[in-house]
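For reference, the structure discussed in these notes is given below.
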Amino acid sequence: MVAYEIAWWKRGVVYQIYPRSFQDSNSDGIGDLEGIRSRLDYLVWLGVDAVWLSPIFLSPMADFGYDVADYRVIDPIFGSLEDFDRLLADVHRRGLKLVLDFVPNHTSIAHAWFRESLSSRTSAKRDWYIWRDPAPGGGPPNNWLSNFGGPAWTLDPVSGQYYHHAFLPEQPDLNWRNPAVREAMYEVLKFWLDRGVDGFRVDVIWHLIKDREFRDNPPNPAYDSRQAEINRFLQLYSADQPEVHEVVAEMRAVIDLYPDRVLIGEIYLPLERLVTYYGHDLSGAHLPFNFQLIHTAWNAREIAALIHDYEIALPEGGWPNWVLGNHDQSRVAARVGKAQARIAAMLLLTLRGTPTLYYGDEIGLDRVDVAPEFVQDPWEKNEPGLGLGRDPERTPMQWDQAQYAGFSRVTPWVPLAPSHDHCNVAVLRDDPQSILSLYRALMETRRKHLVLSVGDYAQLFTSAPDVLVYERELGAERLIVLLNFSSHAQEVSLPQTDAERSVLLSTFLDRSGESVGRAVNLRAHEGVIVEYC
Ligand code: NOJ
């Protein structure tokens with residue numbers, strides 16, 4: 001197998017940019033497209049293959065762009081369509097790919113479609129959204145809750161009907177059972193595909209279709225009041241309905257009209273449900289996002305079981321993928337700690353399948369505490385004090401030692417991490433043992449050794465406690481990855497072989513080329529890739 005025969009989205013690394021927080025070019029404290037364009041050389045230097053941008057479309061920003069008022073217009077905060085075309089051309093000139101965020105489940109209340117839908121019960125677009133009469137005794141039509149707290153229904157006092165919103169009242173859900181909605185949204189996909197984008201990450205794709213009868217969700221017996229309110233009920237009827245797969249297959253058919261594009265689905269479901277989004281005969285998403293590493297206990301046993309279960313659950317030909325973090329989840333450095341963040345990096349970049357990396361994780365960016373008066377995230381505002389807020393993982397990228405870390409010349413829209421004077425690209429790229437150097441070395445190694453992205457995976461069993469060992473194999477090439485999840489030094493015995501073995505890469509970046517016998521010594525929190533010479 002040669003690299004160019006394998007689709008880019010199978011062998012490449014995806015890098016997620018949260019545009020508000022990557023690079024501000026016009027000194028308004030908010031990142032923008034020109035800012036991203038000015039940092040493309042960094043992305044090439046780092047070694048990623050594709051860039052996914054969180055939404056950049058016209059939006060009142062009630063949910064920071066996940067409330068779209070016009071799918072074909074770039075929000076002026078981020079720039080213009082010309083800026084976008086220039087960015088796309090520069091991305092392609094560097095051999096990178098660009099993936100956009102498509103938000104089909106809901107629009108903004110400011111979208112012309114919703115304004116028309118709201119205008120009267122008989123408007124031509126009334127059925128483009130989900131309108132229901134009040135329950136028989138009055139009140140919302142059923143017990144569905146918003147993901148951001150409170151009921152998932154808002155009353156329009158003029159018509160006397162409620163509209164459904166799985167998220168904020170400012171984000172009314174589109175009615176995907178209506179063929180006209182589907183057609184209009186597929187035209188949006190084509191608009192961007194025609195401009196040359198390389199694919200889409202589809203927001204909450206498992207939410208698109210709701211129960212036809214709008215039945216009440218059943219109570220969740222495991223709910224406790226320290227959790228988000230949405231967890232009071234199991235989302236049995238409000239998401240993941242069988243008919244959603246028809247919609248995903250239709251989206252895929254649109255994507256397939258264009259060569260070499262990718263469809264990525266955002267799906268938070270248990271493994272056995274997640275893999276159904278590959279679709280019947282792989283007619284669904286190329287990559288249903290696999291977020292399991294984010295939620296699995298951080299130890300060798302659980303992670304090994306997860307990898308095994310995922311590999312087994314994948315449908316024949318379904319391509320795996322792994323995610324360590326995103327703009328909705330606590331930073332990986334905060335979840336597993338600074339020392340284990342290096343193990344996480346090596347794991348992400350040595351597993352079979354496509355890795356998605358969240359901006360800032362490569363410099364070890366930690367969660368940033370945001371004082372109540374600076375909170376931006378509507379979820380934190382709606383349900384304060386439960387630790388649900390997402391601002392801590394959306395803070396500005398840290399580039400250098402300038403006042404605002406080179407992100408902006410003015411105060412950024414969310415606070416910068418206090419660590420920015422030493423935790424920044426300029427400092428870390430000069431340190432041959434920094435986490436940034438590790439990420440770069442891992443991506444370089446992955447590019448050189450195709451076995452790491454597409455080779456077979458097999459766990460090797462070891463008696464060393466809390467060490468995960470696996471082998472990757474492609475044709476004649478074999479690599480062994482050893483990851484010490486513990487804070488103790490460990491000795492790991494490898495299978496007997498006549499071949500010579502040596503260290504290809506250590507997470508400490510200090511023992512490449514060291515020859516390895518039957519036993520490999522790992523330092524606390526050390527990961528090592530061993531090659532057969
Ligand atoms: C998932 C997105 O990742 C999140 O940021 C957003 O708030 C919701 N979908 C609603 O669009």
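Per-structure values
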quantity: Alpha carbon centroid spacing (whole Å) that separates the stretch 353-403 from the stretch 229-283; calculated: 27
quantity: Net charge over other residues, Cβ less than 14 angstrom from the Cβ of A89 (K, R count +1; D, E count -1); calculated: 0
quantity: Electrostatic dipole magnitude of the chain [Cβ: Lys, Arg +1; Asp, Glu -1; Cα centre; debye, to 20]; calculated: 240
quantity: Of all accessible heavy-atom area on the chain, the percent that carbon and sulfur account for (1.4 Å); calculated: 51
quantity: Sites A339 and E302 - FRET efficiency at Förster radius 25 Å, r taken between beta-carbons, to 0.05; calculated: 0.85
quantity: Local electrostatic count, L145, Cβ distance below 12 Å [Lys/Arg +1, Asp/Glu -1]; calculated: -2
quantity: DSSP-loop trypsin sites (Lys or Arg not before Pro) across the stretch 33-110, with at most 15 other Cβ within 10 angstrom; calculated: R94
quantity: Burial ranking of peptide ranges 291-297, 108-114 (average Cβ count within 10 Å, highest at the top); calculated: 108-114, 291-297
quantity: Estimated distance in nm for a label pair at S27 and E5, the labels positioned 7 Å out from Cα along Cα-to-Cβ; calculated: 5.5
quantity: Check: the stretch 422-533 dipole with +1 on Lys, Arg Cβ and -1 on Asp, Glu Cβ, in debye; calculated: 240
quantity: Pairwise FRET efficiency - D309 versus S330, Cβ, R0 = 22 Å, nearest 0.05; calculated: 0.45
quantity: Dipole moment magnitude, nearest 20 debye, the stretch 112-164 about Cα centre, only Lys, Arg, Asp, Glu C-beta charged; calculated: 80
quantity: All lysines inside 28 Å of K190 as judged from Cα atoms, apart from same-chain residues fewer than 8 positions distant; calculated: K10, K97, K125, K210
quantity: Rg/Rg_ref, the stretch 170-218, where Rg_ref = 2.2 N^0.38 Å and atoms are Cα; calculated: 1.43
quantity: Alpha carbon centroid spacing (whole Å) that separates the stretch 443-508 from the stretch 112-172; calculated: 54
quantity: Amide H contacts under 5 Å for L357, placed H, 5+ residues apart; calculated: V14, Y15, Q16
quantity: Relative compactness, the stretch 455-532, computed as alpha-carbon Rg over 2.2 N^0.38 Å; calculated: 1.01
quantity: Efficiency of FRET between D510 and A184 - r from beta-carbon atoms, R0 56 angstrom, step 0.05; calculated: 0.50
quantity: Distance between modelled label sites at D224 and Q459, nm, 7 Å Cα→Cβ extension; calculated: 2.8
quantity: Heavy-atom surface of the chain, accessible at 1.4 Å and reported per residue (Å²); calculated: 38
quantity: Cα coordinate range in the chain, projected on the principal axes (Å, largest first); calculated: 78, 49, 47
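The values are calculated or read from the model by the stated rules, or taken from the named source; none is laboratory data. Every value quoted in this text rests on a predicted model; they were computed, and no experiment measured them. Every residue, glycine among them, receives a Cβ derived from its backbone with ideal geometry; neighbour counts consider all protein chains shown. Protein only, heavy atoms only, side chains kept; ligands, DNA and RNA dropped before computing areas. Shrake-Rupley method; radii C 1.70, N 1.55, O 1.52, S 1.80 Å.
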